[in-house]
1. If the chain between residue 198 and residue 95 were fully stretched, how many nm would it gain, using 0.36 nm times the residue separation less the Cα-Cα distance?
2. Taking amide H positions as placed 1.01 Å from N in the peptide plane, with prolines and chain starts having none, which residues 5 or more places from residue 141, or on another chain, fall under 5 Å of its amide H?
3. Gain in length, residue 137 to residue 259, computed as 0.36 nm per residue apart minus the alpha-carbon separation, to one decimal in nm?
4. Using amide H atoms built 1.01 Å from N in the peptide plane, name the residues 5+ places from residue 273, or on other chains, whose amide H lies under 5 Å from its own.
5. Between residue 86 and residue 268, take the C-beta separation as r, use R0 = 45 Å, and let me know the FRET efficiency to the nearest 0.05.
6. May I ask you to give the solvent-accessible area per residue for the range 166-214, in square angstrom, as obtained with a 1.4 angstrom probe?
7. Within the accessible area of the range 124-228, what % is carbon and sulfur when the probe is 1.4 Å and the other protein chains stay in place?
8. Considering Cα pairs under 8 angstrom that are at least six residues apart, work out the relative contact order of the range 145-248 and quote it in whole percent.
Amino acid sequence: MIRLVRRIAGTTAVCVALGTALAACGSAQAPQASQAGHPAPAKPAPAAKPPTLPAGPGGAAPVFFNGPRALGKTVALTFDADMTADQGPRAASGEHFDNPALIATLRRLKVPATVFMTGRWADQYPDQARSLGRDPQFEVANHSYSHYAFTDDCYGLPTVSGAHMKSDVQRAYTALLKAGVPHPMPYFRFPGGCYDQQALRAVGGLGVTAVQWDVVSGDAFATDADAVTKQVLDGVKPGSVVVMHCTRSAAPTTEEVVRNVVPELRKRGFRFVKVSELIGETPGHR
């Protein structure tokens, strides 16, 4: 779970990005209705090449925190669909790592959003993954397969070794495609937001942009929706990326927070966009 932004020494919050979109599209399975009660579009249009930023020194993945501040009041809501590789028994016993009510609310309010999905989550909830991936209101990006940390000492998460970082991200793309997400984005969010230069170099060869955020919602493990709402509203600026979660068991207030935040930000003149639009407005993007 993400609770705050980790920035490594010497890492600039450059709006950089990368060359090619990872794993293009495999053949998609037939669409099914999502568990949120919203049928997915039957024939998703072929995706244009997503905007990316150039790689960092030594081929390291670039790190994106927020879009331009001077190009209008845009804000991207992002949601991490977290599930670690070893949490299958908890899901089998009834723990909910999904949040259909949240997705239904985003659809009802017509809020575009970017979902950073673990491969394990896609394995557990393939119908929902497919529905999100085929709905043009959303874009699905990579949050690793295992949700194991890419650095030591990352909020108690298990860690993935340096030798397996790249394959963990590749495995997540494979899981997304298998679930029926036809166009997973070339954007990657480190579990816990924790990374260092070794991790950036490990995933840089995949052509992914590492997407962080500049507004921490504080919804992880929160029980006070009003406090989370205030934190989001106090933090949002033009071009902001807000990090929230799409897991009922660990972020039970998020759907209520969205119902509170969206009308207020619209009243303030903000327009909701996906991460890809913010990257596409960033100087130097490809």
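1. On the way: separation 103, 0.36 × 103 = 37.08 nm, distance 3.39 nm.
Result for the pair: 33.7 nm of gain on full extension.
2. 115, 116, 117, 185
3. Values: separation 122, 0.36 × 122 = 43.92 nm, distance 1.71 nm.
Gain on stretching residue 137 to residue 259: 42.2 nm.
4. 75, 76, 77
5. Details: r = 42 Å, r/R0 = 0.93.
Working from the Cβ atoms, E equals 0.60.
6. Working: 1290 Å² over 49 residues.
On a per-residue basis, 26 Å².
7. Working: 1590 of 3240 Å².
Heavy-atom surface of the range 124-228 belonging to carbon and sulfur, 1.4 Å probe: 49 percent.
8. On the way: 114 pairs, mean separation 24.3, N = 104.
Relative CO of the range 145-248 lands at 23 percent.
The values are calculated or read from the model by the stated rules, or taken from the named source; none is laboratory data. Small disclaimer: the values here were computed from a predicted structure and weren't measured. Note: ideal-geometry Cβ built from the backbone for every residue, glycine included; neighbour counts use all protein chains shown. The area values use the complete protein model at the heavy-atom level, side chains included, leaving out ligands, DNA and RNA. Shrake-Rupley method; radii C 1.70, N 1.55, O 1.52, S 1.80 Å.
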